[in-house]
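Heads up, the thing below is written out as structure tokens.
The values are calculated or read from the model by the stated rules, or taken from the named source; none is laboratory data. It should be emphasised that the depicted structure is a prediction, and the values quoted were computed from it without experimental measurement. Positions of Cβ are generated from backbone atoms using ideal geometry, with glycine treated the same way; all protein chains shown enter the neighbour counts.
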Amino acid sequence: MEILLAVTIGLLYAAGIFLILRRSLVRLIIGLVLLGNGANLLIFLLGRISKGQPPIIPEESKVFLDAYADPIPQALILTAIVISFGLQAYAIILVKRAYRVVKTDDIDNMITTDEV
Amino acid sequence: MIPHFTILPILLPLLSAVVLMFFWSKPRNQRVLSVIGHGLTLMASYYLAQKTFTGEIFSVQAGNWSAPFGITFVADALSGMLVLLASLAAFAVSIFSAASIGNGRASFGYFPILQFLLMGLNGSFLAGDIFNLYVWFEVIIISSFVLITLGGEKAQLEGAVKYVTLNLLASVIFLTGIAVLYGIMGSLNLADLAVKISASPDKGLINTAAILFLVGFGIKSAIFPMYFWLPASYHTPPAAVSAIFGGLLTKVGVYALIRVFSLLFIEDPFIRDVFIVLAVLSMITGAVGAIGQQNIRKVFSYLIISHIGFMIAGLGMYSTLALMGAVFYLFHDILVKTNVFLISGVIFKMRGSFRLENLGGLYNKFPLISIVFAIVMFSLVGTPPLSGFWPKLYLLQSSFTEGELWIFGAILLASFLTLIAIVKVWLAAFWKKPVENKIAMERIVWHQLIPIEKFLILLPILILTTATLYIGFYAENISDICKLIAEQIQDKSGYIEAVMPQIETNINPENIP
């Protein structure tokens with residue numbers, strides 16, 4: 001399972017970076033989405049994945065008796081997903097507006113702000 | 001007693017933003033309330049800052065979950081000073097915005113978003129937990145995205161595409177760094193991480209995480225070679241927005257570098273060498289870039305990059321004197337960069353253009369105002385006895401005594417090139433004969449303003465100039481604080497003890513069956 005996840009994360013990062021380097025605005029957004037998902041999965045994987053071990057202390061004890069799944073990565077991913085959801089929604093609207101105003105989706109033509 | 005006043009500089013902007021939203025369609029009330037909100041935040045920040053200057057480090061554990069399990073806010077002298085300066089700069093920008101932002105932008109939430117931006121800034125200065133730092137960074141960037149695009153002009157949207165892409169990329173890289181660090185250390189609290197990393201033998205993976213953080217924060221603080229988004233976007237929004245961006249957003253990146261690297265990674269000589277190389281290259285490329293520009297806001301944008309190099313150089317050298325120089329420069333730079341972008345806004349109102357070829361004749365027409373501008377520009381260059389001189393002196397002294405001659409030369413060269421860039425701006429904008437450009441002439445609004453508006457536009461510049469002069473002429477007060485900060489940065493134990501007074505674990509072994 002770890003190896004499968006690791007390969008998936010690598011693919012997501014690679015595809016994301018490849019798409020960011022393209023000239024089209026739409027691919028740029030998709031690239032950013034993929035990168036964000038890759039980062040979220042990476043947190044999940046590096047928090048060590050374990051199956052069927054909820055982090056709940058039994059009633060008769062005060063500490064964990066057994067190995068347990070770390071709940072923090074999931075809380076982190078939840079936060080990161082919500083944040084990236086908002087940012088991606090914003091970025092999509094921005095690209096749409098930029099396309100309407102600048103009338104191109106080719107990043108190479110968006111050079112007026114770089115002129116001296 | 002729990003020092004709850006530590007989080008007031010975060011809560012007050014939040015409260016002001018919520019109040020401002022109730023006046024969504026009443027821009028007039030928003031202008032007044034926004035200035036009041038920022039004024040209250042400034043007072044709370046001052047209260048916090050002068051408490052931290054005694055050397056005490058305050059920490060608040062949210063919900064009384066003791067560190068490293070809960071969310072921690074920490075205020076040491078560095079955080080205190082930065083919160084104070086951020087609130088001061090935001091207060092000045094808020095007055096300037098109240099007088100200069102049009103009703104169109106104001107009725108689409110400009111003022112509440114400005115409050116959210118300050119909340120994010122103060123939050124990142126006070127965060128004691130690396131994931132919270134990430135969340136505050138996101139609060140900052142989402143607010144800055146709205147501010148940079150509000151208005152929807154062509155240049156704004158083009159600049160925003162670059163700004164948004166690279167900031168999102170920086171966030172993803174920062175998040176990847178957090179994931180790797182959590183994977184090795186199993187903790188997110190900065191103090192706890194500092195203890196664990198110094199005991200860890202796994203230097204390879206730690207350095208990987210360090211480089212991820214360096215790239216993530218490096219994009220945000222615009223150090224070489226990750227700065228290209230900055231000059232492409234900072235000159236597009238209204239002057240008030242570029243002022244708060246230029247003054248504070250890159251400085252948050254520098255703060256994060258200082259905080260995270262000094263606590264976690266700086267012991268490694270490799271990391272310090274990387275800092276020194278990047279610092280030297282930032283100083284020189286930024287300054288050379290500034291000379292070639294025709295738009296005054298782009299000149300100042302490139303100067304931001306160059307001057308970020310000074311602070312990174314201080315962090316790379318890591319002696320007490322070098323750190324004093326770095327944090328002193330950080331404080332000076334927040335005030336001066338905010339001020340020069342505000343000044344460029346005033347120049348636009350007076351001459352209708354940001355471009356050097358359309359400017360001219362300002363000194364003849366507005367001699368008194370020009371003298372105030374001259375003080376700010378001299379202090380940007382670092383002429384003694386103004387505020388830019390002292391940190392450079394510390395940095396030069398420490399680079400010379402430590403044999404870092406590359407830094408020594410780069411600081412001198414970058415200062416000289418800054419001087420050339422500023423002289424070019426001064427000659428073209430103030431001393432040259434005025435140029436009659438038709439389009440620019442139509443945009444001149446200064447003579448239509450009523451006196452109270454003129455006063456409100458110039459007041460923030462005067463406030464910031466006074467603060468700059470104070471730093472320059474009472475440098476010994478600031479340098480005492482900088483010395484305290486440098487010592488707190490180098491001796492991590494104070495920070496760790498303030499966050500985790502009980503280093504041994506809470507679990508009583510008798511309870512384990």
Next item on the list: Being at the interface with chain B (Cβ under 7 Å from one of its Cβ atoms), under 19 Å from B:P231 (Cα atoms), part of a helix (DSSP H, G or I) and of a type outside the set (V, I, T) is the filter here, so list the residues in region A:92-116 that pass it.
Entry: A:A98, A:D114
Next item on the list: Please find, within region B:151-172, the residue that is nearest to the other protein chains (Cβ to nearest Cβ) out of those that are over 30 Å from B:S66 (Cα atoms) and of a type in the set (S, T, N, Q).
Entry: B:T165
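Could you please find all residues in region A:65-81 being under 13 Å from the mean Cα position of the chain (by Cα) and more than 10 Å from chain B (Cβ to nearest Cβ)?
A:L78, A:I81
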Margin query: Here's a check for you: in region B:54-102, which residue that is of a type in the set (G, A, S) and free of Cβ contacts under 8 Å to residues at least 24 places away in the same chain is surrounded by the most Cβ atoms within 10 Å (Cβ to Cβ)?
Written below: B:G70
Item checked: Index of the failed condition, B:I371 passing every other in (1) within 17 Å of B:L321 (Cα to Cα); (2) among the β-branched types (V, I, T); (3) free of Cβ contacts under 8 Å to residues at least 24 places away in the same chain -> (1)
Next item on the list: For region B:408-425, indicate whether the set of residues that are more than 28 Å from B:F354 (Cα to Cα) and in contact with a Gly (Cβ under 8 Å, 6 or more places away or on another chain) is non-empty.
Entry: yes
Next item on the list: From the list B:G218, B:G309, B:G316, pick out the single residue that is touching a residue at least 24 places away in the same chain (Cβ under 8 Å) and touching a Ser or Thr at 6+ places or on another chain (Cβ under 7 Å).
Entry: B:G309
Notebook entry, point to check: If you take the residues of region B:286-313 that are among the polar types (S, T, N, Q) and under 20 Å from the mean Cα position of the chain (by Cα), which of them is nearest to the other protein chains (Cβ to nearest Cβ)?
Noted result: B:S301
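Which residue, of A:R27, A:R23, is among the charged types (D, E, K, R), in contact with a helix residue (DSSP H, G or I) (Cβ under 6 Å, 6 or more places away or on another chain) and surrounded by 15 or more Cβ atoms within 10 Å (Cβ to Cβ)? Let's see the steps before the verdict.
On the way: A:R23 fails: surrounded by 15 or more Cβ atoms within 10 Å (Cβ to Cβ).
Just a single option satisfies the conditions, and that option is A:R27.
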Next item on the list: List every residue pair whose Cβ atoms sit under 6 Å apart, with the two residues 6 or more apart in sequence or on different chains, where the first one lies in region B:261-283 and is among the hydroxyl-bearing types (S, T, Y) and the second, anywhere, is part of a helix (DSSP H, G or I) and at pLDDT 90 or above.
Entry: B:S262/B:I489; B:S282/B:I305; B:S282/B:I308; B:S282/B:G309
Next item on the list: Report, by residue number, each residue of region A:58-91 that is assigned to a helix (DSSP H, G or I), surrounded by fewer than 16 Cβ atoms within 10 Å (Cβ to Cβ) and among the aromatic types (F, W, Y).
Entry: A:F85
Check: Quick one: is B:A99 closer than 27 Å to B:I444 by Cα and within 25 Å of the chain's Cα centre (by Cα)?
Finding: yes
Next item on the list: Identify all residues within region B:1-58 that are β-branched (V, I, T) and touching a strand residue (DSSP E or B) at 6+ places or on another chain (Cβ under 9 Å); write none if there are none.
Entry: B:I2, B:T6, B:I7, B:I10, B:T52, B:I57
Margin query: B:A179 - would you say it is among the small types (G, A, S), free of Cβ contacts under 8 Å to residues at least 60 places away in the same chain and buried (at least 24 other Cβ atoms within 10 Å of the Cβ)?
Written below: yes
Next item on the list: Output the number of residues of region B:99-126 satisfying the condition of being touching a Ser or Thr at 6+ places or on another chain (Cβ under 8 Å) and within 14 Å of chain A (Cβ to nearest Cβ).
Entry: 3
Next item on the list: Scan B:I178, B:I148, B:I141 and give me the residue that is modelled with pLDDT of 90 or more and more than 8 Å from chain A (Cβ to nearest Cβ).
Entry: B:I148
Note to self: Exactly one of these conditions fails for B:T149: (1) of a type in the set (V, I, T); (2) surrounded by fewer than 21 Cβ atoms within 10 Å (Cβ to Cβ); (3) farther than 30 Å from B:F53 by Cβ. Give me its number.
What the structure shows: (2)
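Yes/no matrix, rows are residues, columns are (1) touching a helix residue (DSSP H, G or I) at 6+ places or on another chain (Cβ under 8 Å); (2) more than 20 Å from B:L335 (Cβ to Cβ); (3) crowded, with 21+ Cβ neighbours inside 10 Å:
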site: B:D202; (1), (2), (3): yes, yes, no
site: B:A210; (1), (2), (3): yes, yes, yes
site: B:A240; (1), (2), (3): yes, no, yes
site: B:V277; (1), (2), (3): no, yes, no
